[in-house]
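Note sheet for the following structure.
The values are calculated or read from the model by the stated rules, or taken from the named source; none is laboratory data. Treat the numbers as computed from the prediction; the structure is a model and nothing was measured. All Cβ positions, even for glycine, are placed from backbone atoms using ideal geometry, and neighbour counts span all protein chains on display. Each accessible area value is taken on the protein alone, full model and side chains, heavy atoms only, with ligands, DNA and RNA left out. Shrake-Rupley method; radii C 1.70, N 1.55, O 1.52, S 1.80 Å.
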Amino acid sequence: MTTWLRCTAPRPEAAYRLICFPHAGGSASSFRGWAEGLPEYEVHAVCYPGRAARLDEPLPTSLPRLAADVAEAVGPLLDRPVAFLGHSMGAVVAFEAARLLQARDHGIAHLFASGARAPQLAHPEGSGAAGMDDDAIADALTALGGTDAELLADPDFRELILPYVCGDFRMFDAYAHRPGAALTCPVTAIAGDADPLVGAEDAAAWAEATEGPFTHHTVPGDHFYLIPRPPFRLIEAALSRDVAAPGRSSRLVAP
């Protein structure tokens with residue numbers, strides 16, 4: 001049986017489920033410890049094919065198709081409010097999955113776009129990846145930092161993880177935003193103040209992705225700010241506001 005979602009701490013009493021989408025080259029383990037950091041929520045991490053427990057499966061080659069598969073897998077979890085959080089490429093996968101669910105009248109409660117340029121913009125993380133060899137892509141990721149970079153620097157792991165790292169980068173490079181209905185749920189964009197890929201204007205452009213409330217936060221850190229400083233308090237505050245004022249229509253851009 002294909003396992004698209006991993007939940008290490010089921011919480012039937014939780015008011016919200018939070019579905020976390022990894023970055024390009026990432027896996028569900030990127031969100032290890034998030035259940036402990038968000039004890040009032042049921043946290044699920046998306047398991048992309050071609051890595052970890054799904055290493056023997058074909059790598060995804062189409063970001064919209066990947067989003068559609070995740071949207072299908074999330075279906076059984078929609079008996080209560082569901083929020084999405086995606087980091088980098090994962091934010092765009094989450095956005096596309098949210099659009100599909102909304103079109104089926106199963107809109108999500110909130111989208112958190114972390115370390116990502118808005119989907120209608122170019123995505124330098126994968127820019128030019130089609131013309132780069134595997135080593136060049138690996139070097140680009142290593143320069144950004146993160147746990148994946150540490151593994152890529154280890155010869156024993158490099159051969160194992162390089163195929164899905166490069167596959168994700170090329171898939172993201174091929175992604176083309178398609179105009180369509182905006183989301184109606186609140187969207188929160190979060191980016192590090194030293195992120196070399198995502199400037200404040202790039203993150204603020206997520207406002208165009210929704211007709212609902214929008215908030216933009218700049219936090220200390222680089223592209224992988226959330227490894228040392230997961231945005232747990234920002235998530236809790238945003239979801240608490242949703243519960244307190246589900247019909248609010250204001251839009252806020254905050255530093």
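So for the chain: antiparallel DSSP bridges make up what percent, rounded to the nearest 5?
Here the share of antiparallel DSSP bridges comes out near 5 percent.
Using a cut-off of 15 Å between beta-carbons, work out the net charge of the residues near P76 (Lys and Arg +1, Asp and Glu -1, P76 not included).
0
Taking the solvent-accessible surface of protein heavy atoms with a 1.4 Å probe, what is the per residue accessible area of the chain in Å²?
Normalised by residue count, the accessible surface of the chain is 44 Å².
Could you tell me the center-to-center distance, by alpha carbons, between segment 214-235 and segment 157-205 in angstrom?
15
Tell me which residues come under 5 Å, amide H to amide H, from L183 once H is placed; ignore anything under 5 positions away on its chain.
Amide H to amide H, under 5 Å and 5 or more residues apart or across chains, L183 pairs with T210, E211.
Kirkwood Rh over alpha-carbon pairs of segment 1-99, then Stokes-Einstein at 25 °C and 0.890 mPa s: what D in µm² s⁻¹, rounded to an integer?
182
Can you compute the charge dipole magnitude of segment 1-111 about its Cα centre, using +1 on each Lys and Arg Cβ and -1 on each Asp and Glu Cβ, nothing else charged? Give it in debye, rounded to the nearest 20.
It works out to roughly 160 debye.
For the chain, what % of the accessible area comes from carbon and sulfur atoms, probe 1.4 Å?
C and S fraction of accessible area: 55 percent.
Can you check what the net charge comes to around A14, using other residues whose Cβ is under 9 Å from the Cβ of A14 (Lys, Arg +1; Asp, Glu -1)?
0
Would you indicate which of (1) 27, 20, 18; (2) 36, 20, 16; (3) 35, 25, 14 is the value of semi-axes √(5λ) of the Cα gyration tensor in Å derived from the coordinates of this structure?
Correct label is (1).
Please list the radius of gyration and Dmax for segment 48-107, considering alpha-carbon atoms only, with Å as the unit.
12.0, 34
Based solely on its DSSP helices, what 222 nm [θ] is calculated for the chain when runs of n ≥ 4 H residues each add -39,500 (n - 2.57) and the sum is averaged over all residues, nearest 500 deg cm²/dmol?
Helix-only estimate at 222 nm: -10000 deg cm²/dmol.
About the Cα centre, and with charges only on the beta carbon of Lys, Arg (+1) and Asp, Glu (-1), how big is the dipole of the chain? Nearest 20 debye, please.
Rounded to the nearest 20 debye, it is 920 debye.
Name the residue from L197, I19, A182 whose Cα lies farthest towards the positive end of the charge dipole of the chain, charges +1 on Cβ of Lys and Arg and -1 on Cβ of Asp and Glu.
A182
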